[in-house]
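Quick note: the coordinates plus some simple rules give every number you see, no bench work behind them. Remember, it's a predicted structure, so these values are computed and weren't measured experimentally. Cβ placement follows ideal geometry from the backbone for every residue including glycine, while neighbour counts extend to all protein chains displayed.
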Amino acid sequence: MTTDTSSSSSFHTAPAIISPSLLSCDLSNMSSEAENMYELGADWLHLDVMDGHFVPNISFGPPVIASLKKTVRSSAFLDCHLMVSEPEKWIAPMAKAGVDLFTFHIESDMPSNDPKVLIEQIKEAGMKVGVTLKPKTPISKITPLIDSGLIDLVLVMTVEPGFSGQKFMPDMMPKVQELRSKYPSLNIQVDGGLSPTTVDTATQAGANVIVAASAIFGSQDKKGVISALRKSVEKYGHGKE
């Protein structure tokens, strides 16, 4: 599998969106950390929800998200990535907590073994819908859903889900390239190991929604990191310098 993105026609009409992952923030001070992300130029707030079953770790759930929603600016967009075995059970609690984007794993258990049933429930609850692919899952698993116009975002994992701080997997870029070539306006998110040193590989392939965790929260220049991620999307997505 090639990782060469130089020949990819990655120019697209999707916006540059930077979504810092709050899993790497100071969790005892999440609200102010989240607000600071907006002040430094972020677009969304990425929330990783883990159930200890689909992935071994446990993070936070609806009560924490609801508290964040109450204390952060009213325009905050909560981008929620659910690493859970039964996403259907999380729809109502997440909607009540104020989640804007509910992104589930295609590998998780589906009601009636049909992801369309789950998607309809998410939309009925008032949330946008994203679908996630683990590194070993081919995009053929979700192309019928994209073609039917049912989903708002595809998340291509560039690490194995469940742990922060892993190295970026450039061999996931052919997935991004294929998605971008077929869907020029689709929001394509990448998550895992993204930083100013790796982001160009993803944006050249066509990603426009960048999730970054330790690269932002571990930096002394958080604003500079967010700006660098945005500039990469704009340069390789829209041809801006």
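Provide the net charge surrounding residue 186, with neighbours chosen by a C-beta distance below 10 Å and charges set as Lys +1, Arg +1, Asp -1, Glu -1.
Combined, the nearby Lys, Arg, Asp and Glu give +1.
Let me spell out the model: positive unit charges on the Cβ of Lys and Arg, negative unit charges on the Cβ of Asp and Glu, origin at the Cα centre of segment 27-81. What dipole size does that give, in debye rounded to 20?
220
Run the helix sum for the chain: -39,500 (n - 2.57) per DSSP H stretch of 4+ residues, divided by residue count, reported at 222 nm to the nearest 500 deg cm²/dmol.
Rounded to the nearest 500, the figure is -8500 deg cm²/dmol.
By the gyration tensor of its Cα atoms, with a ≥ b ≥ c the square roots of the eigenvalues, what is the shape of segment 38-116: rounded for a/c under 1.5, prolate for a/b over b/c, or oblate?
On the way: a/c = 2.01, a/b = 1.86, b/c = 1.08.
Prolate.
Which of rounded, prolate or oblate describes segment 195-241 when judged by the alpha-carbon gyration tensor and an a/c cut-off of 1.5?
Prolate, since a/c reaches 1.5 and a/b exceeds b/c.
Provide the descending list of Cα extents for the chain along its principal axes, expressed in whole angstroms.
43, 43, 30
So for segment 113-241, if I pair up every lysine 8 or more residues apart or on another chain, how many of those pairs have alpha-carbons under 13 Å apart?
6
Suppose every Lys and Arg Cβ carries +1 and every Asp and Glu Cβ carries -1, with no other charges. What dipole size does segment 92-168 come out with about its Cα centre, to the nearest 20 debye?
Dipole about the Cα centre, nearest 20: 220 debye.
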